[in-house]
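Engineer: Just passing along the structure, written as structure tokens.
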Amino acid sequence: MSDTTAGPAELVFTRVFEAPRELVFQCMTQPEHLTHFWGPAGTSAPVGHITVDARPGGPFETVMINDADGSRYPTRAVFDEVVEPERLVWTESHSGMTVTVTFTDLGARTGVEIRQVRVPDAFRSPEAQAGFLTSLDRFARYLAALTARAGGPGTEPPR
Amino acid sequence: MAVAQDQLDATFTALADPTRRAIVARLAQGDATVNELAAPFDLTLPGISKHLKVLERCGLISRTRRAQFRPCHLEAGALDPAAAWIDDHRRIWAERFDKLDAHLHEIQRAPDDGPGPASAAGPAPANERIRQ
């Protein structure tokens, strides 16, 4: 049901949910829903620490708390684009990473695509970004294969 | 996620260039001299050297001192942080989506399925209140 494709600086992650698009969109933009799933396994995201103002320039702030030791991971982002119920784009202030969430209406089901891009400072201009992503796309599979092989002591030629 | 951001940026930036990726791919098959690396490209030796310096600076390759050929060597371990970053974020979204899937099932449960919060008002109470 889920599928991932990775480039060195871009993640594309998709999944289909058994729910109508409006509801899935609400889940991604309302603290009362986000608190149920925003923290990955072993963490929680208390509703009282979630701030969402889903409009361009509005904040998207969360705190993930490690269930085991109480460590806190606050994240702050600002919405770049909000098109209800189709698309959300936000940029994290601390990492400069941009996340685009696309909601596709499949009738009773909804496809959600997460496109997470890490953009080094040198690639902030739109032209540079376009080239960056295109080139990374081509590199995606290669990097995975290379890192898988490179761990071994006798590096065999990848073929 | 304890990886230095600057190092990641340097690695990703270095790999964003197709020539440098081709160099890395070539070196994955074994060490090579600058001349050997330059052969498949329409590039001058100084042009190749520039790319090698970028790769060297971020630790992706190293050059031995022996002989005048100074063969280039791929430091494959230097790719690990980039791969780890990708894995981290892939895992985070996978786990979030697992939870979201469960949450969507929960809030869409038909009223006679159990003592869920769903009421006659609708199948999806958007403002279901959760305790902290």
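Engineer: For the residue pair A:Glu32 and A:Arg109, what label-to-label distance in nm results when each label sits 7 Å from Cα along the Cα-to-beta-carbon direction?
Structural biologist: For the pair A:Glu32/A:Arg109, the computed spacing is 2.8 nm.
Engineer: Find how much the distance from B:Asp6 to B:His73 grows on full extension, using 0.36 nm per residue of separation minus their present alpha carbon separation; answer in nm with one decimal.
Structural biologist: Residue separation times 0.36 nm, minus the Cα-Cα distance, leaves 21.9 nm.
Engineer: Whole number in Å², please: accessible area per residue of the stretch A:30-94, 1.4 Å probe, ligands, DNA and RNA not counted.
Structural biologist: 46 Å²
Engineer: Here is a further query. Rounded to the nearest angstrom and ordered from largest down, what semi-axes does the equivalent ellipsoid of the stretch A:32-72 get from its C-alpha gyration tensor (root of 5λ)?
Structural biologist: 21, 10, 7
Engineer: For the stretch B:1-112, what is the convex hull volume of its Cα atoms per residue in Å³?
Structural biologist: 134 Å³
Engineer: Let me ask something else about it. Between B:Phe41 and A:Glu84, with labels modelled 7 Å along Cα→Cβ, what's the label distance in nm to one decimal, could you check?
Structural biologist: Modelled inter-label distance: 5.1 nm.
Engineer: Using only protein heavy atoms and a 1.4 angstrom probe, determine the accessible area buried between B and A, summed over both sides, in Å² to the nearest 100.
Structural biologist: Looking at B and A, the buried total is near 4600 Å².
Engineer: If you don't mind, there's one more thing I want to ask. For B:Ala94 and B:Arg57, what is the calculated FRET efficiency with R₀ set at 25 Å and r taken between the beta-carbons, to the nearest 0.05?
Structural biologist: The formula returns an efficiency of 0.15 here.
Engineer: Hey, rough spin-label estimate for A:Arg72 and A:Asp53, points 7 angstrom out along Cα→Cβ, what's it come to in nanometres?
Structural biologist: 2.1 nm
The values are calculated or read from the model by the stated rules, or taken from the named source; none is laboratory data. Being a predicted model, the structure only gives us computed values, none of them experimental. Positions of Cβ are backbone-derived with ideal geometry, glycine not excepted, and every protein chain shown enters the neighbour counts. Surface accessibility is based on the protein's heavy atoms, side chains included, excluding ligands, DNA and RNA. Shrake-Rupley method; radii C 1.70, N 1.55, O 1.52, S 1.80 Å.
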